[in-house]
Amino acid sequence: MINPFFKNCGPFRFSELLKIIKLENAKFQHDIEVLDIKDLISSNKNEITFYHSKKYKDAANKTKASFCLTYDSLKNDLPKKCVPLIVENVLFSISLLTAKFYPSSVDDKFDNTAKLIDETVHKNRVQFGKNVLIGENVSIGENCSIGHNSIIEKNVKIGSNCSIGSNVIIRNCLIQNNIKILDNCVIGKHGFGFFPNKDNNLRYPHIGIVVIEDNCEIGCGSTIDRGSMSNTVIGKNTYLDNQIHIAHNVKIGKNSIIAGQVGIAGSSVLGENVKIGGQAGISGHLKIGNNVEIGGGSGVIKDIPDNSKVMGYPAKNFRDFLKENR
Amino acid sequence: MINPFFKNCGPFRFSELLKIIKLENAKFQHDIEVLDIKDLISSNKNEITFYHSKKYKDAANKTKASFCLTYDSLKNDLPKKCVPLIVENVLFSISLLTAKFYPSSVDDKFDNTAKLIDETVHKNRVQFGKNVLIGENVSIGENCSIGHNSIIEKNVKIGSNCSIGSNVIIRNCLIQNNIKILDNCVIGKHGFGFFPNKDNNLRYPHIGIVVIEDNCEIGCGSTIDRGSMSNTVIGKNTYLDNQIHIAHNVKIGKNSIIAGQVGIAGSSVLGENVKIGGQAGISGHLKIGNNVEIGGGSGVIKDIPDNSKVMGYPAKNFRDFLKENR
Amino acid sequence: MINPFFKNCGPFRFSELLKIIKLENAKFQHDIEVLDIKDLISSNKNEITFYHSKKYKDAANKTKASFCLTYDSLKNDLPKKCVPLIVENVLFSISLLTAKFYPSSVDDKFDNTAKLIDETVHKNRVQFGKNVLIGENVSIGENCSIGHNSIIEKNVKIGSNCSIGSNVIIRNCLIQNNIKILDNCVIGKHGFGFFPNKDNNLRYPHIGIVVIEDNCEIGCGSTIDRGSMSNTVIGKNTYLDNQIHIAHNVKIGKNSIIAGQVGIAGSSVLGENVKIGGQAGISGHLKIGNNVEIGGGSGVIKDIPDNSKVMGYPAKNFRDFLKENR
């Protein structure tokens, strides 16, 4: 749970947090100040965490958090020093508390702090087009250019030798060095994450950011959403073609090549040196190994081991696909 | 046939209209003023309508229109008070007449009436970014925000508590309350509708609008086209992810969830509480029932009944899809 | 190899070029000035060309180039007057030399020569919106309109009666007459072409342009990349719907209709009167005949002969597709 950009509005009194998750009538012995909200691994004393699936049992065993939102059936996996807070829906409750600590991560209104670059410290260091806007808490390295009408909203760090195209919108994003972001991209908005709710869905906070590592290129009209509880990461020297959609929490390894109109759903993790043909789609929460090749138009709905070549919908071994479709 | 925004340039003399559809030599007894052009159900006395398929026989029986473009084979379905106008191609002829009544609905040039918001009455009521443009005949409710470089072209009504992102373009659109429209959307342009014609296709008019009901969210880079003879509708509390394309006349029911890069072709109607996975496509003129789930990547080419779960290309029962692809 | 827009920085001494392709130690008898770099057919005396596949043997036999990058196995197909330059990777070497002759074709930074249209000669002849930018070497015909925030970067020729929407970005493009380009398109950026290279891919130059012929319409949010060594061409009266991606070197014949979200990969050539349903994809380097119909959602991975109707993934005869999926 890394939040270099979103402001932690805590600490909050434990009793205040209990009201939010409707546990105000539960009996607890203390009413200390709770400092922060993090995942099982990152959290520390006087912080709150959450544990909602046996998949994370090992991390739960070792968490240093003082409090943990969880289910009755899971509470025994927690260390004795960690107080279990039994709720009906862990993800819903963590969402409410995250919104309390990080209210600015819920809403994605346009950044009204953004100013014309001429009115900022960046004007002498960056090559820029007409009508370029820069928000607060933005840093930009040496030898960068930003095209016409582009908006670098608040909470963006750009390294050196980066070229941002025109009509680009970036927020909550860490962009390393030698990176090209082509025209019309939108990078760093919140993901498509919410709790469906009759007549009025409840959005959950996105406190992750987008990290784009050295030497990447992002094609025109692509969208890369920031993470909810972890970051969205595009690995070093990975190239994305036009009109690609990368959902929240996705991680793509280095040296990968992704052709036009590909979509990768939330929380999937791709290895290094992955090649994906045009219009392929990858479902959420999957693990794609290193050196995997995915044929154009494929629909990947299960994990793919290292060094595989797949194609089809659903994607299968490439030779089998060819054989069946001779 | 609802046209709250397009100006009716009628009435026109009946004889003038006959020339346009090459019936000037046909003998009719009267040359009255024709007031408007509408569909079978909405039209009234001294108005013109059209009837081109047996599918609409019931409506044809009851139409109150004084004139009806139709085929010889269908004319007997019309009431006696309705004068049939027999043409070679009903849709082509109705297109010509609609263009006569509503010329501004044919062309989709940029709105040159749009002014900087600072120069309009909206400047004190809306939170807005740099370079925001507002056209004529635009109303905006309480507590709305409009991001940088966005263009609200003419003929747009926005309710209260709406948040419009940056680089958004909206025209001919009715946006209700508590709606979020994210960056880079284009909403309300004419649909992809025209008569193919050697070396120079003929565009037909689009006099419908886009209606977005309360509590919806529309993801980045999505396009929603306005209707041709009826409206395009996004139902209450329906959420669209990024890079979605909704074609003209599509109607989506309330509480639906549509993942990234989905495309819905013209005139399809979706029920309530529909869930669609990423990159799925739905062909035109289909009926998708309530509570339908459509798996990611599916290609839907026929109607889907209520409460079904489908996947595949072409989409079929979900269990069958899984079984066949084990 | 047509380069009306990119400036040839040659001539260069032959010995200088040899160093670039690591042939400085090879013995050649002359050190003349080399004028240009072109394909086998277009090149002339004192120019350099390349020959990397038997597929082009006929052209190689007849080339008038004085020098030719090639492989040892192919060199005997060249005329005696043409000096073979044997390299390890012809495409990589031609890429290096093209970058030498046409350095401005490698980089696609925003055009910092672009000025507000009010400050250019176009202001009295074009109907334009707010914040329209025009680069160097742009010509615009009679009766054209350009929407708000659109950027016509350098090296664009627009004919008469063209309507460009808002937020459009165009560069290196020849737009003929009566053409509509709708909002948010990006046309003429370099294609997705590079040599993968550990930790730092090498982009190759794109010296082709985009040609859009008379009476075309390009839908919102579409991207059309310019060619690498030849042009990308959209034939007369061809209509593209929204969110379409056309990759480098693609050629589409006249009177074609392409529905939303279609993607066509690099170097494929489509005939006339082709109809493609929504979300279909066409792999690279294919030949699609005249009067071909491709169903929505299809994935085309091999050539399609004239007058065929196909559907499926992979695309097959339409009747077979229906039969298998009853």
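The values are calculated or read from the model by the stated rules, or taken from the named source; none is laboratory data. Note that the coordinates shown come from a computational prediction; the quantities given were computed from them, not determined experimentally. When we count neighbours, we look across all protein chains shown, and the Cβ atoms used for this are built from the backbone with ideal geometry, even at glycine.
Annotations
- The number of residues in region C:1-43 that are small (Gly, Ala, Ser), in a loop (DSSP other than H, G, I, E, B) and out of contact with any helix residue (DSSP H, G or I) (no Cβ under 8 Å at 6 or more places or on another chain) comes to 2.
For (1) touching a residue at least 60 places away in the same chain (Cβ under 8 Å); (2) not charged (D, E, K, R), each residue gets a yes or a no:
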{"position": "A:Phe5", "(1), (2)": "yes, yes"}
{"position": "A:Asn8", "(1), (2)": "yes, yes"}
{"position": "A:Pro11", "(1), (2)": "no, yes"}
{"position": "A:Leu17", "(1), (2)": "yes, yes"}
{"position": "A:Leu23", "(1), (2)": "yes, yes"}
{"position": "A:Asp31", "(1), (2)": "no, no"}
{"position": "A:Val34", "(1), (2)": "no, yes"}
{"position": "A:Lys38", "(1), (2)": "no, no"}
{"position": "A:Ile41", "(1), (2)": "no, yes"}
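- Filter result (farther than 16 Å from C:Tyr313 by Cβ and in contact (Cβ under 8 Å) with a residue 24 or more places away in the chain) within region B:281-308: B:Gly284, B:Asn290, B:Glu293, B:Asp306
- When residues of region C:214-244 are limited to those that are under 15 Å from the mean Cα position of the chain (by Cα) and among the hydrophobic types (A, V, I, L, M, F, W, C), the one farthest from the other protein chains (Cβ to nearest Cβ): C:Met229
- Selection from region B:156-175 of residues that are at positive phi and surrounded by fewer than 24 Cβ atoms within 10 Å (Cβ to Cβ): B:Asn161
- Residue in region B:22-29 that is surrounded by 13 or more Cβ atoms within 10 Å (Cβ to Cβ) and either farther than 30 Å from B:Glu136 by Cβ or over 25 Å from the mean Cα position of the chain (by Cα) (or both) present: yes
- Residue, nearest to A:Val83 (Cα to Cα), within region A:44-55, restricted to residues that are part of a loop (DSSP other than H, G, I, E, B) and of a type in the set (S, T, N, Q): A:Asn46
- Of all residues in region C:144-175, those satisfying the criterion of being of a type in the set (Gly, Ala, Ser) and more than 10 Å from every other protein chain (Cβ to nearest Cβ) are C:Gly159, C:Ser160.
- Number of the exception - B:Asn178 against (1) at the interface with another protein chain (Cβ under 8 Å from one of its Cβ atoms); (2) within 24 Å of C:Ile276 (Cα to Cα); (3) surrounded by fewer than 24 Cβ atoms within 10 Å (Cβ to Cβ): (2)
- Residue among B:Asp108, B:Asp118 that alone is modelled with pLDDT under 95 and at negative phi: B:Asp108
- Any hit, region B:214-225, residues being surrounded by fewer than 24 Cβ atoms within 10 Å (Cβ to Cβ) and touching a Leu at 6+ places or on another chain (Cβ under 6 Å): no
- Residue match in region C:187-202 (condition: away from chain A (no Cβ under 13 Å) and part of a loop (DSSP other than H, G, I, E, B)): no
- Against the numbered list (1) in contact with a helix residue (DSSP H, G or I) (Cβ under 7 Å, 6 or more places away or on another chain); (2) without any contact (Cβ under 8 Å) to a residue 40 or more places away in the chain; (3) part of a loop (DSSP other than H, G, I, E, B), B:Asn61 comes up short only at (3).
- In region C:196-207 there is no residue matching the filter, namely being touching a Cys at 6+ places or on another chain (Cβ under 9 Å), of a type in the set (Val, Ile, Thr) and surrounded by 24 or more Cβ atoms within 10 Å (Cβ to Cβ).
- Tallying residues that are closer than 17 Å to A:Lys109 by Cβ and within 14 Å of chain A (Cβ to nearest Cβ) within region B:121-142 yields 7.
- Filtering A:Phe110, A:Phe92, A:Phe101 for residues that are within 25 Å of A:Ile41 (Cα to Cα) and either within 14 Å of chain C (Cβ to nearest Cβ) or crowded, with 24+ Cβ neighbours inside 10 Å (or both) leaves a single hit, A:Phe101.
- Residues located in region C:245-280, provided they are within 18 Å of C:Tyr313 (Cα to Cα), small (Gly, Ala, Ser), within 14 Å of chain B (Cβ to nearest Cβ) and not in a strand (DSSP E or B): C:Ala259, C:Gly260, C:Gly277, C:Gly278, C:Ala280
- Matching residues in region C:290-326 - criterion: being within 14 Å of chain A (Cβ to nearest Cβ), under 20 Å from A:Phe321 (Cα atoms) and part of a strand (DSSP E or B): C:Gly299, C:Val300, C:Val310, C:Met311, C:Gly312, C:Ala315, C:Lys316, C:Asn317
- Of the criteria (1) farther than 25 Å from C:Arg326 by Cα; (2) at pLDDT 95 or above, which one B:Ser230 fails: (2)
- Only residues that are closer than 13 Å to B:Arg125 by Cβ and surrounded by fewer than 24 Cβ atoms within 10 Å (Cβ to Cβ) were counted across region B:141-155, and they come to 5.
- Residues of region B:285-299 satisfying the condition of being closer than 26 Å to A:Ser298 by Cα and of a type in the set (Gly, Ala, Ser): B:Gly295, B:Gly296, B:Gly297, B:Ser298, B:Gly299
- Members of region B:176-186 found to be in a strand (DSSP E or B) and not β-branched (Val, Ile, Thr), listed by number: B:Lys180
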